[in-house]
Amino acid sequence: MTDIEPIIQPRMSRDRFVAFAFAASDILLELDASGTVVFVDGATRGILGRQMEDIHGKLFFDLLPEADATIAQTVMADMDKKHRMDKTEISVKNIYGDAVPFMMSGFRLSNLQNHTYLALSVLKGDVSTDLLFRRDFDTGMLKTQSFVEIANEKIQAAKERGEDVKLTLVGLPDLKTLLDQLSEEARAALMMEISDYIRSKSIDGDTAGILDPESYSFVHAGTGEPAKLVEDIIKITQKADPMGKGVAVEATTLNANPGALTKTDSANALLYTLNQFAHRAGEDFTIESLSGGYKKLLDETVQKMSSFKQTVGGHDFKLAFQPIVDLKSGLIHHYEVLVRINNQETFKNPFEFITFGEQAGIIGDFDLLMCQKVFEVLEKTANKGNHPLVAVNISGKSLGSMLFKDALRRLIALNQRTRKQMIFEVTESSKIEDLATANTFIQEMREQGNLCCLDDFGTGESSFEYLRNLQVDFIKIDGSYVRESLKTQRGRHMLKAMAGLCRDLNVTTIGEMVEDEKAAAMLWESGVKFGQGYLFGKPDIDENTIINCKKPTPFYQGIMRAKKFDKKDRAWWSAANS
Ligand code: C2E
Ligand code: CA
Ligand code: CA
């Protein structure tokens, strides 16, 4: 940008302007007297999907939709008299040509060659496009879901033209370790350089996605060699590494011919492939395992997809109920319902089935069906005069879908008599992208009388973030903490700390995987209120048992009766549970 950069004295005053203005806005622009952008900085990628270079040198009014260009011209003409602009709402076109609304303010100084300084703050609550959610804020790269849509379009178009396109997956498994050692600025610069490089190799310079900071993918023409790509990216990381070592880079290129797949199937298969790749750490998935080719992977995925759809469409599964018990009294508080698939050829267990549904983006259909089945059971149970509470697992992914939420609202409206007996247990909360929106839905449910629970607490990287942002009635402490507390002092401290935190937040705790009395006692002593596990009952209660209101045989007496506690314990327990 040096050739048209204006001479401003002293340079520092602009730096200061930039710093001040940044504190309050997202994008800064400097226009020369003709309205040409001579300086640009800020989140142009994240908000507009446009590189800064793409804006620099353009006429500002050309960046706006026509009506907004007229408004901008009017307010800027006024600045001839008063230097400062009244705050004005203005839209700027993003990379797709959609209007993104901003609040614009600015000033002009005649002793600075009549240059105009503009500060734009995006009106987030009012963004008419979902671009903010489509792109990664820091790098401007497409996020997984939007990358899948765009990549799939390009792949399909290439197929029609009979052209050969490829999909490359790039993994930097140690990048986070390097990023942690860098200053915030250096971190941002490195991420930007890596993503710019990958983007530049992709079709149209923008068919590249960021799955997480360590995993990328892009679609490119049939040529291009991964070896050179790997070498180049390693060099970028070496330059950023104070030790000069850089990080390992792995890449694999797949032939992206979707064969006879429909567009939807190929998009779902692509999504599944990328998710497998992004979650590869610790699982038996390696980048080499993809070498059989995209086509083979797609075939497998399509087969799984059809098996999943058959199970859901044909209602080819059963419900298994497991009790959640009050540790003090031994009484059942509610049941959790778990899926049991009849045909286990494709999916060996519920976990595989559910995880596939989540990674292929089709879990919402199943979650909804499960709610419907549970309402059927509750209705029959109510006819016999019983009203148990039942927790249904809802994937965090489903909570991100408007379609799912609307369908669930309709289902609930049809089941007013029993609606309050359904507890929503949010699983895989680590997959929730938009916590605020998820929380709005959870609160809507709670206000209407449904209890809500956060499952698997402690497993994700940011469980505390979820606890802070999602107000729930229960949290379920992951079984691994219960196990650990029986083994180590540290584990006991962790458990107690979690229970204490939840008590302060007024959230009731449930401990999982309680397989013996020792585990129950440990939970109780740590201040956990409810327990679930083989000690109280396996998940083998079928729906007829629930419908017929048969009470499971009492197998657990409750801690107060099972064990004699001394006064100190009792005092602690009442304080913890008052
Ligand atoms: P989860 O929600 O954490 O469910 C608890 C899992 O632990 C269940 O495995 C249950 O059978 C098992 N379990 C219960 N007590 C004990 C115990 O004392 N010891 C041991 N070792 N295991 C115990 P399951 O049924 O295989 O389900 C696995 C996961 O699949 C669930 O984990 C849940 O995330 C998901 N899932 C199951 N059913 C559904 C469903 O209907 N919808 C959704 N979205 N997810 C489901
Ligand atoms: Ca659960
Ligand atoms: Ca769990």
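The values are calculated or read from the model by the stated rules, or taken from the named source; none is laboratory data. Here the structure is a predicted model, which means the values were calculated and not measured. We place every Cβ from the backbone using ideal geometry, glycine too, and count neighbours over all the protein chains shown.
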Query raised in the report: Is it the case that Ala382 is outside the structural domain of Tyr272 (by TED's automatic domain parsing), closer than 14 Å to Ser307 by Cβ and more than 16 Å from ligand 3 (Cβ to nearest atom)?
Result: no
Report task. Could you pull out the residue among Lys81, Lys154, Lys166 that is of a type outside the set (A, V, I, L, M, F, W, C), outside the structural domain of Gln359 (by TED's automatic domain parsing) and modelled with pLDDT under 85? Result -> Lys81
Report task. Filter segment 451-490 down to the residues that are acidic (Asp, Glu) and more than 21 Å from His334 (Cα to Cα), then identify the one that is farthest from ligand 3 (Cβ to nearest atom). Result -> Glu465
Query raised in the report: Just to be sure, is Val312 more than 21 Å from Ala267 (Cβ to Cβ) and either near ligand 1 (Cβ under 10 Å from one of its atoms) or touching a helix residue (DSSP H, G or I) at 6+ places or on another chain (Cβ under 6 Å) (or both)?
Result: no
Report task. Evaluate segment 493-511: report whether one residue or more is in a helix (DSSP H, G or I), over 13 Å from Val426 (Cβ atoms) and within 12 Å of ligand 1 (Cβ to nearest atom). Result -> no
**Report entry** Subset of segment 296-353 (residues that are of a type in the set (Lys, Arg) and away from ligand 2 (no atom under 16 Å from the Cβ))
**Finding:** Lys296, Lys304, Lys309, Lys318, Lys328, Lys348
Query - Looking only at segment 232-267, and only at residues there that are of a type in the set (S, T, N, Q) and within 15 Å of Ala186 (Cα to Cα), the one that is surrounded by the fewest Cβ atoms within 10 Å (Cβ to Cβ) - result: Gln238
Query - Any hit, segment 388-410, residues being closer than 27 Å to Ile332 by Cα, in a loop (DSSP other than H, G, I, E, B) and assigned by TED's automatic domain parsing to the domain that holds Asp455 - result: yes
**Report entry** Residue tally, condition more than 15 Å from ligand 1 (Cβ to nearest atom), at pLDDT below 90 and small (Gly, Ala, Ser), over segment 394-441
**Finding:** 1
Requested in this report: Would you check if there is a residue in segment 457-464 being in a strand (DSSP E or B) and touching a Phe, Trp or Tyr at 6+ places or on another chain (Cβ under 9 Å)?
Outcome: yes
Report task. Keeping to segment 409-450, report how many residues are hydrophobic (A, V, I, L, M, F, W, C), within 14 Å of ligand 2 (Cβ to nearest atom) and touching a Ser or Thr at 6+ places or on another chain (Cβ under 9 Å). Result -> 1
